[in-house]
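Trainee: The structure under discussion is supplied below as structure tokens; questions concerning it will follow.
The values are calculated or read from the model by the stated rules, or taken from the named source; none is laboratory data. Treat the numbers as computed from the prediction; the structure is a model and nothing was measured. In this analysis, Cβ positions are derived from the backbone assuming ideal geometry, glycine residues included, and neighbour counts consider all displayed protein chains.
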Amino acid sequence: MSKGTRYIVLLGDGMADRPLAELGGRTPLMAARTPNMDHIASEGVLGMVRTIPEGMALGSDVANLAVLGYDPKKVYTGRSPIEAAGMGVDLGPGDVAFRCNLVTLGKGNALDPDTDLDGELSPEFIMVDFAGGHPSNEEAAEIVSFLSDELEEEGIEFHPGVSYRHLMVWRNGQEKLVVDPPHDLTDRKIAQGWPRGAAAEKILDLMARSVGLLADHPVNVRRVADGKQPVNAIWLWGQGLKPGMKNFKDVYGLEGAMITAVDLLRGLAVSIGFKVVDVPGATGYLDTNYEGKASAAVEALEDVDIVYLHVEAPDEAGHSGSVTDKIKAIEDFDSRVVGPVLRGLKELGSHRVLLMPDHATPLEIKTHSGDPVPFAIYDSEISNGSGRTYDEACAASTGVHIENGHELMGKFVRKEL
Ligand SMILES: [Zn+2]
């Protein structure tokens, strides 16, 4: 049986950026050597797209939802319900998922945090570490199972995840609550992000009880003895109800698969009916197994019509603020993912490639921005030879601009671009 056109999305998380003085006014995409991405841009269609609707949180969840072809304004309910899907935890209507971070709070200031909290929770405390000193998975499992034993009651469940990132589900709970992400409170008083709204009382009660419970926990006694930060509280945030995304196949008529090392992307995949292809050694960092991801993507296209290949490393480099790391992450993505995928696709016949980041992670701000990002679409049946290169300036100069990012997927799979 002959298969139809194969589709692949090559997504370099956070690779878009802004011009930098130290690169002579160029962006990392302009400075990096990227012959394979430039080939896609030269032979295909190049333009700019806004992936994060104005006013929405500048996160990978919102941005990737749009790239996958879903309008975040209509379907996004919060970060945690997507992670719950990725962890295989099912939510019924009315169930609310919360991200449960293991954190380190302090009574003092950023220079002298004093992490012995005397079993109390106060808005005057500061967020010393939103990641609780990165506990090992074993330490975290011990803490989370202890907290479940002590705090679980009618309707409240804890589910262990990885390191400091866990899940709490409030069955038939309330989601009317505003609470800031703990990574936005680093070294600041938690009063600024204190839970507020109808459900705040319950959430504050759980957070306060966690402080009392964790004070003398054996894991913390060991950590402090080893000179490490204790995990002395939980921070509950990112809550929401199960999102109502339609199956990708029902919307776009194509069977899909996701390749990623990140739980959030895995959750998006599960939520839209994509298969998740596991690749050994895919870490989400600079040392990720790039070649394994590239060959897994080409292989997966034997079974499915569209593959979404996500590489996290350029975003991590953007957050670290290192120009060298970001250029290396982009060059690795080009030579070790984009190149091998393009060569592998030749064996598969007619194919289309969409190359883009989800959002920009500009080095000058070390976090995500809502700037429109460059995209390039290559079609094996069409050749342009425009000589264009894949970067922000070249993409902006074409005048092709898609304001509603979620519309790009439809144009890509229906060959309208
Ligand atoms: Zn990021």
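Trainee: Test of understanding: among Asp149, Asp116, which residue is over 29 Å from Val353 (Cβ atoms), assigned to a loop (DSSP other than H, G, I, E, B) and among the charged types (D, E, K, R)?
Mentor: Step by step, each of Asp149, Asp116 is checked, and only Asp116 is over 29 Å from Val353 (Cβ atoms), assigned to a loop (DSSP other than H, G, I, E, B) and among the charged types (D, E, K, R).
Trainee: Give the residue that is nearest to the ligand (Cβ to nearest atom), with candidates limited to residues of the range 1-42 that are outside any helix (DSSP H, G or I) and acidic (Asp, Glu).
Mentor: Asp13
Trainee: Moving on. Is it true that some residue in the range 52-65 is buried (at least 24 other Cβ atoms within 10 Å of the Cβ), part of a loop (DSSP other than H, G, I, E, B), assigned by TED's automatic domain parsing to the domain that holds Thr367 and of a type outside the set (D, E, K, R)?
Mentor: yes
Trainee: Further, regarding this structure: Could you figure out which of (1) modelled with pLDDT of 95 or more; (2) out of contact with any Asp or Glu (no Cβ under 7 Å at 6 or more places or on another chain); (3) among the charged types (D, E, K, R) isn't true of Lys366?
Mentor: For Lys366, the exception is condition (1).
Trainee: Note down all Cβ pairs under 9 Å where the first residue falls in the range 234-256 and is in contact (Cβ under 8 Å) with a residue 24 or more places away in the chain, the second is assigned to a strand (DSSP E or B) and hydroxyl-bearing (Ser, Thr, Tyr), and they're at least six residues apart or on different chains.
Mentor: Here the result reads Leu254/Tyr7; Gly256/Tyr7; Gly256/Tyr308, each pair linking the range 234-256 to a residue that is assigned to a strand (DSSP E or B) and hydroxyl-bearing (Ser, Thr, Tyr).
Trainee: Can you tell me how many residues in the range 246-261 are crowded, with 21+ Cβ neighbours inside 10 Å and at pLDDT below 95?
Mentor: Matching residues across the range 246-261 total 1.
Trainee: Give me a count of the residues in the range 1-51 that are touching a strand residue (DSSP E or B) at 6+ places or on another chain (Cβ under 7 Å) and acidic (Asp, Glu).
Mentor: Qualifying residue count, the range 1-51: 3.
Trainee: If I go through the range 196-241 residue by residue, how many of them are among the acidic types (Asp, Glu) and closer than 18 Å to Tyr164 by Cβ?
Mentor: Qualifying residue count, the range 196-241: 1.
Trainee: Val224 versus (1) farther than 26 Å from Arg171 by Cβ; (2) of a type in the set (Val, Ile, Thr); (3) touching a helix residue (DSSP H, G or I) at 6+ places or on another chain (Cβ under 8 Å); (4) not assigned by TED's automatic domain parsing to the domain that holds Val341: which is the lone unmet condition?
Mentor: (3)
Trainee: OK, next. Identify the single condition in (1) farther than 24 Å from Asp184 by Cα; (2) at pLDDT below 95; (3) not in a helix (DSSP H, G or I) that Glu138 does not satisfy, given that it satisfies every other one.
Mentor: Of everything listed in (1) farther than 24 Å from Asp184 by Cα; (2) at pLDDT below 95; (3) not in a helix (DSSP H, G or I), Glu138 misses just condition (3).
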